[in-house]
Amino acid sequence: MTAYDPNNPFAKILRGEFPCVKVYENDHVLAFLDIMPRVAGHTLVIPKAPARNILDITEEDYLHVGRAVRTIARAAKTAFAADGITVQQFNEHAGGQMVFHLHVHIMPRHNGDSLLPPASRKEDPKVLEENAAKLIAALQG
C-alpha cells in the first residue's frame, strides 16, 4: 500500500494551512463542510491521526471517527430536517478515493432528492456558513 502523504489537503487543513468551515472538533477528529457539497449540509469527518484510509488507521483512531460520524449524522438529520442520511467512505483509487487522508462523507437526504455529481460545483461561502450554523446549533442541542 502507498504511504501516507502528510501534504494531502486534509492534513493541511488539520495544520491550519488550508481553511475550512468547521462544525465539530475534539482531540481525535475534525468535522467540516465539504466546499463542493453534493447536498446542503454535506460534512466530512477526518481523524487527526495520519491515516491514508480505513486500511491503515488504528482501531482506536477509527472508533473515534465512527463516534463522530454518528454524532454528526444525528445532528445533520435534525439541522436539515432530513428524511435520511447517506454515509460514504472510499478507499484507494479503485475504491473511489480522491483525497488520501481517511474521510467520511455525511449527507442529509430528503425523499426524492438527488445527489449532485461529485466535485461539480463550489458552494458560496455564505451558504456554507449558514449551513454550518444550523449544524452547530443542532450539535449543541
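The values are calculated or read from the model by the stated rules, or taken from the named source; none is laboratory data. Since the structure is predicted, the reported quantities are computational estimates derived from the model, not experimental observations. For neighbour counting, all protein chains shown are included, and Cβ atoms are generated from backbone atoms with ideal geometry for every residue, glycine included. Surface accessibility is based on the protein's heavy atoms, side chains included, excluding ligands, DNA and RNA. Shrake-Rupley method; radii C 1.70, N 1.55, O 1.52, S 1.80 Å.
Relative to the longest principal axis of the Cα atoms of the chain, the long axis of helix 59-79 makes an angle of roughly 10 degrees.
Could you order I136, I46 so the one with the most accessible surface comes first? Probe is 1.4 Å. Intermediate values should be presented prior to the final figure.
Numbers: I136 55, I46 0 Å².
From most accessible down to least: I136, I46.
The simple spin-label model puts a point 7 Å past each Cα toward its Cβ; for R67 and T2 those points are separated by 3.1 nm.
Using mean Cβ contacts within 10 Å as the protection proxy, how do 68-74, 116-122 order, highest first? Walk me through the intermediate numbers first.
Working: 68-74: 19.3, 116-122: 11.1.
Ranked from most to least packed, the peptides come out as 68-74, 116-122.
Starting from the Kirkwood Rh over alpha-carbon pairs, what translational D in µm² s⁻¹ does the chain have by Stokes-Einstein at 37 °C and 0.692 mPa s? Could the numbers behind the result be given before it?
Numbers: Rh = 15.2 Å.
In µm²/s, the coefficient rounds to 216.
Measuring how big the stretch 40-96 is from its alpha-carbon positions, Rg and Dmax come out at 12.7, 35 Å.
I need the peptides 106-115, 36-45 ranked by packing, meaning the mean over residues of other C-beta atoms within 10 angstrom, with the highest value on top. Can you show the working numbers first?
Values: 106-115: 15.9, 36-45: 22.1.
Highest-to-lowest ranking by the protection proxy: 36-45, 106-115.
Shown for the stretch 1-49 is the translational diffusion coefficient from the Stokes-Einstein equation, using the Kirkwood radius over Cα pairs, a temperature of 20 °C and a viscosity of 1.002 mPa s: 185 µm²/s. The residues packed around N91, meaning those with a beta-carbon under 12 Å from its beta-carbon, carry a net charge of -1 if Lys and Arg are +1 and Asp and Glu are -1. Compute the long axis of helix 125-140 from its Cα atoms, compare it with the longest principal axis of the Cα atoms of the chain, and write down the angle in degrees, 0 to 90, nearest 10. Tilt of helix 125-140: around 90 degrees. Considering only M107, V127, F18, and ranking their Cα positions along the charge dipole of the chain that arises from unit charges at the beta-carbon of Lys, Arg, Asp and Glu, the one farthest toward the positive end is V127.
Neighbours of P50, meaning other residues whose beta-carbon lies under 13 angstrom from its beta-carbon, give a summed charge of +1 when Lys and Arg score +1 and Asp and Glu score -1.
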